[in-house]
Amino acid sequence: MNWQLFNSVFYFKENPHDSKAEMPFGFIEVSSVLQQIARTRGFFTLGFPAPFFYKLKPLEQRLSIYLAKKFMSQTLHQRFVDDLAKALPIDAKRPDNVRAILQNATNGLIQKKVPFLAGFELRKSSREGKWIAVFHRKCVPKLLPHRTEQLENPPEPTDQLVRRLCEISGQPEDWRWWRKCAQLLGPAGIDTAIGQFEETSRLHRVERPGAMLTKILKDVAANMGLAIGRPAI
C-alpha cells in the first residue's frame, strides 16, 4: 500500500495567476489513512511546545512537522529535493530557487534551535544526478511539558512587540495602531504575522510595507477569531 500524509493543498491568493502571493490562511487536506491512524493510534510528538511552533515561519512550521515524524525512527533522513518540495510543498518553479528556499527554511530551524535537528546538507546523487536533501537528527523528538517558565525565550512585553512592528513597517508614527495589534494578538500572533511578512517580502517586492503588515495582522486576527477595528486598506 502506498499513501501520503496529505492529499491536497489549498492556497488562497488575490490573483489565481500569481504564484508568489500566497495568503496566510490556506490549508492542507489530511489523508484518510492519516485520519484513521490519528483516531486509533494517537499522534506523534512534535518535540517542542506550541508557542515555539507559532514563532516559526509557515514553511518552517511545515518542515518541522515533517522532520518530527521522520526523526521518530530515523537518525538520518534523506530525500530527493524534488520529492520533498512536492510534499511540503515549496511553491517555486526553478530548481535552484527550490533548493535555496529549502536551505533558508532549514537554516531558520537550526538558528531557532529546534531540539531534534543537528544539521543539513544538499548533495547530488552519484547514480541519478539528482539533488538530495540530508537531515541529521540530534535527538528523538520528545514530549515537552507546556510550562511557560521552561521556554527558552519568554513572551515579549508589549512595548518590545510594538518596536518590532514599527521597525518592520517603517511607520513608527503609527505606534498606537501597532500597540493595539500587539495587545490583541500577543507574542505568538505577532510572531506569526512577522514571519508571514518576511516570507512575502522575500518572494516579491512590497511597495507598501505598512499596508501589507496591517493586512497580514488582520488575517492572523481573523484566524484567531478576533477582529481589529482599523479601516480596510
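The values are calculated or read from the model by the stated rules, or taken from the named source; none is laboratory data. Here the structure is a predicted model, which is why all the values come from computation and not from measurement. Positions of Cβ are generated from backbone atoms using ideal geometry, with glycine treated the same way; all protein chains shown enter the neighbour counts. Side chains are part of the model used for accessible areas, which takes the heavy atoms of the whole protein and leaves out ligands, DNA and RNA. Shrake-Rupley method; radii C 1.70, N 1.55, O 1.52, S 1.80 Å.
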*asked:* Contact list please: Cβ distance under 6 Å, first residue in segment 184-203 and under 17 Å from residue 91 (Cβ atoms), second residue surrounded by 20 or more Cβ atoms within 10 Å (Cβ to Cβ) and among the charged types (D, E, K, R), pairs at least six apart or on different chains.
replied: 195/57; 199/57
*Quick check, is residue 71 touching a Phe, Trp or Tyr at 6+ places or on another chain (Cβ under 6 Å), closer than 14 Å to residue 134 by Cα and in contact (Cβ under 8 Å) with a residue 24 or more places away in the chain?*
yes
*Out of curiosity, is residue 36 modelled with pLDDT of 90 or more and open to solvent by 30 Å² or more (accessible area, probe 1.4 Å)?*
no
*Which residues, taken from segment 39-60, are of a type in the set (Phe, Trp, Tyr), modelled with pLDDT of 70 or more and over 30 Å from residue 205 (Cβ atoms)?*
48, 52
*Could you tell me whether residue 78 is more than 16 Å from residue 57 (Cβ to Cβ), open to solvent by 20 Å² or more (accessible area, probe 1.4 Å), touching a residue at least 40 places away in the same chain (Cβ under 8 Å) and in a strand (DSSP E or B)?*
yes
*asked:* Among (1) charged (D, E, K, R); (2) open to solvent by 90 Å² or more (accessible area, probe 1.4 Å); (3) closer than 24 Å to residue 68 by Cβ; (4) at pLDDT 90 or above, there is one condition residue 124 misses while meeting the rest; what is its number?
replied: (3)
*So is residue 113 surrounded by fewer than 16 Cβ atoms within 10 Å (Cβ to Cβ), among the basic types (Lys, Arg), in contact with a strand residue (DSSP E or B) (Cβ under 7 Å, 6 or more places away or on another chain) and modelled with pLDDT of 90 or more or not?*
no
